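What follows is a single structure, written as structure tokens, with notes after it.
Each reported figure results from applying straightforward, stated rules to the coordinates on display, with no laboratory input. Fair warning: this is a prediction, and the values are worked out from it, not measured in the lab. When we count neighbours, we look across all protein chains shown, and the Cβ atoms used for this are built from the backbone with ideal geometry, even at glycine.
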Ligand code: TRP
């Protein structure tokens, strides 16, 4: 299995694609889980594609909520975190017709039974807000194969939950190559993010839908308020023990990540200062760490036109790549 470090050592050998759904602002979980790694890959000189998965938003709801605004806000968070639009290609699904057209030949390569077995789809259906499962939900992993394979990346940084989708992508690449006797598509590998799950302010996994997340764009006061409301326990002696003290330990981890030190060391420093001292320490650590990012974010947020231009330029680049791939696909399929 390839690691981030080994990929960065040979940047010219790699092309990376990954992405997010535009459903709301990114938070610290995204930042430590994936954003930082993307910036590392980019800065090592690896070609990076970031898809804003706007069609995916429609898998489990009737209407996307303010799609353009959410897409622009994702760009804002990306740029604030260090993504450089001169080097990375940031685009939305919906702006790349040739990418979407790959869905048709790809659908012919998978069976209905296979689609029904996908554990990530099953899980998303279980959490869906709709009574009926849409066809898009069911076929979504095939669309994801299209949004990955159109640019022929060899590496796809994802969380554990996306591994079944990536397996579909690999299967489709292999079957396409077999069926049409070509080597057009690589079988991309997952690059699992090394950062363990970041706990939210309630001790569970940090996630927007659980209301326990600290957004990157929160102000320092909002950050303080969110952390003050975090779940801890009554033991004044602060110690790092994720099993028995998930709330306290999650906060310690957060401070430790921000200060690039060991959570035990943070705990020792707080000693018997109790939850109040712990929360003050964590707030300070988060605000301190995010200060430059947030300053960039504020400056960028003042120029929505710039965000739109970044998306337009990214979409143009993605379209050029997708047009080429679609032409190759049509050629090997013998289409006219
Ligand atoms: N499905 C991913 C999610 O739910 C988002 C996504 C869309 C993605 N296309 C991708 C991730 C391609 C990695 C590669 O978060």
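Only bridges with both residues in the chain count here: give the DSSP antiparallel percent, nearest 5.
On the way: 2 of 18 bridges.
Rounded to the nearest five, the antiparallel share is 10 percent.
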Handout entry: Principal axis dimensions, segment 220-300 - Cα atoms, whole angstrom, descending
Key = 42, 24, 20
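Relative contact order of the chain, please, whole-number percent, based on alpha carbon pairs below 8 angstrom and at least 6 residues apart. Mind showing how you got there, number by number?
Details: 528 pairs, mean separation 73.1, N = 336.
With pairs under 8 Å counted, the relative contact order is 22 percent.
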Completion exercise
GNM of the chain, Cα pairs under 10 angstrom: of 70, 306, 143, the biggest fluctuation goes to 306
Handout entry: Relative frequency of Cα-Cα separations exceeding 17 Å in segment 283-331, percent
Key = 60 percent
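Order these by the 10 Å Cβ neighbour count, fewest first: 28, 184, 109. List each step's numbers first, then the result.
Values: 28 23, 184 15, 109 18.
Ascending number of Cβ neighbours within 10 Å: 184, 109, 28.
Report the extension gain between residue 236 and residue 208 in nm, rounded to one decimal, defined as 0.36 nm multiplied by the number of residues separating them, less their alpha carbon distance. It would help to have the intermediate numbers written out before the result.
Working: separation 28, 0.36 × 28 = 10.08 nm, distance 2.93 nm.
This chain segment gains 7.1 nm when fully extended.
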Problem - Debye intensity ratio in log₁₀ form over the Cα atoms of segment 1-78, taken at each q of 0.14, 0.18, 0.21, 0.24 Å⁻¹ - result: -0.53, -0.78, -0.95, -1.09
Practice task
Only residues of segment 211-232 count here: report those whose backbone N is under 16 Å from the spot 7 Å along Cα→Cβ of residue 129, or say none.
Solution key: 211
Practice task
Let me have the 222 nm mean residue ellipticity of the chain computed from DSSP H runs of 4+ only, each contributing -39500 (n - 2.57), with the sum over all residues rounded to the nearest 500.
Solution key: -16000 deg cm²/dmol
Handout entry: Difference of contour (0.36 nm per residue) and Cα-Cα distance, residue 61 to residue 1
Key = 18.0 nm
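Of all alpha-carbon pairs in segment 192-336, indicate the percentage at a distance above 25 angstrom. Let's see the in-between values first.
On the way: 4763 of 10440 pairs.
Roughly 46 percent, once rounded to a whole number.
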Handout entry: Cα-based equivalent ellipsoid, segment 83-157: semi-axes from gyration tensor eigenvalues, Å
Key = 25, 16, 12
Problem - Length added when fully stretched, residue 327-residue 87, from 0.36 nm per residue minus Cα-Cα - result: 83.9 nm
Exercise for the section: Take the alpha carbon atoms of segment 4-19, find their center, do the same for segment 297-322, and report the distance between the two centers in whole angstrom. Expected result: 23 Å
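Average projected area of the Cα convex hull of the chain, in nm²? Working shown, then result.
On the way: hull surface 72.2 nm².
Taking a quarter of the hull surface, the average projection is 18.1 nm².
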Problem - Fluctuation leader among 162, 237, 259 - the chain, Gaussian network, Cα springs under 10 angstrom - result: 237
